[in-house]
Each structure stands twice: as C-alpha cells, then as structure tokens.
Amino acid sequence: MQWFHDGGEVMDIFNQRITNLLRIFEQTNLCFVKYMNLIIKATNLSLTPSLKVYIEEAMATVEKLAAGPNEAMVEARVEAGRLSYHHKKGEVFFAEVNLRIGGQVLRSRAEAFSVQAAVDEIKDELRRELNKFKGKREAVYKRGARAVSKIFRLSPLARWWRRGRIKDEYL
C-alpha cells in the first residue's frame, strides 16, 4: 500500500514505516476504551478478534457517558455467547454487561438473533440507564444546593442597595 506517490527514496522509506506501524497496530489488540477497565468473556462461543473489536467499540460509546471528572474507577464486565448448543433457531445469542461506577452497579442483559444485535441492545439500554443514573445524582446535588442557598438567604427587608430615589433625599 502506497501512502505517498512521490517516487523518491525518502517516500518509500516513509511508506514502509507507516505500513509497519499499521501492521503492529493490527497485531496488538489495543483497547479503544481509555478510562474504563473492560473485561470480555465468551460463553459457548469463540471470541474472535472482530467480535472483540465490536464489543470494545460499543463500550467506548458507553464509556463517554460513564467516565467523568468526578468518577472513580469504571469497570465493565461484558459476557457474550450462546444460550446453549441445543437451540438452533430464534434468539439464541445473549450479551450482558455489569457496569461498576464507584460503588454503584448498572446491569443490562439482552437476547437476540446475533451477538452483534445483542451488543447493540445492551449498549442502548446502558445509555438509558446511565442518563437516568446521572440525572438522579444531578437532582440530588441541585436539591442540596437549593437547601444551602435557602439557609443563607437574607430577608427581603435587608436592603443592600437602593431601590429608588427618595424625593427629599438631597434636601
């Protein structure tokens, strides 16, 4: 694969280095998730590299919602597989995720006709649960802030500034 078509010797060396870097990147199973510890388990199913990459990409979209500046370690345990070898038709594949954020655990499970469809379902369900979880936490924070501001609120009779001029003020 040629990246630059200059024909010079420098460009050939540059192209070789880029292709070597891409080959190293493809050989190593680098995780797309940065701030989340991701553990993937396959049950009654072989974990292919393409399935692993698909799960990592799906969890990367969830990780954007889960990780924040105030979050502790985020851990996701993903299990994907077949329900049994006996079933041949129907929703025989499943995927489930246990997402641990600090001390809280969010759990999602889905069954579908393919592993990818099950992973998509748990991704959507986790996004809904995370929005609900963060909304509750934000509401508790705002409620506490309102209570504190109510404690420190001054009486409306205490005037810190002039509301208007009095006619006889300068006489």
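The values are calculated or read from the model by the stated rules, or taken from the named source; none is laboratory data. Since the structure is predicted, the reported quantities are computational estimates derived from the model, not experimental observations. As a convention, Cβ positions derive from the backbone with ideal geometry for all residues, glycine included, and neighbour counts pool all protein chains shown. Accessible surface is based on the protein model in full, side chains and every heavy atom, while ligands, DNA and RNA are left aside. Shrake-Rupley method; radii C 1.70, N 1.55, O 1.52, S 1.80 Å.
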Step by step: first the residues of the stretch 119-154, then only those that are of a type in the set (Asp, Glu) and touching a residue at least 12 places away in the same chain (Cβ under 8 Å), then the one that is most open to solvent (accessible area, probe 1.4 Å). Which residue is that? 121
Wholly within the stretch 33-110, strands (runs of 3 or more DSSP E) carrying at least 1 residues that are closer than 15 Å to residue 129 by Cα, open to solvent by less than 40 Å² (accessible area, probe 1.4 Å) and modelled with pLDDT under 90: 74-82, 93-101
Residues within the stretch 111-168 that are at pLDDT below 80 and not in a helix (DSSP H, G or I), tallied: 15
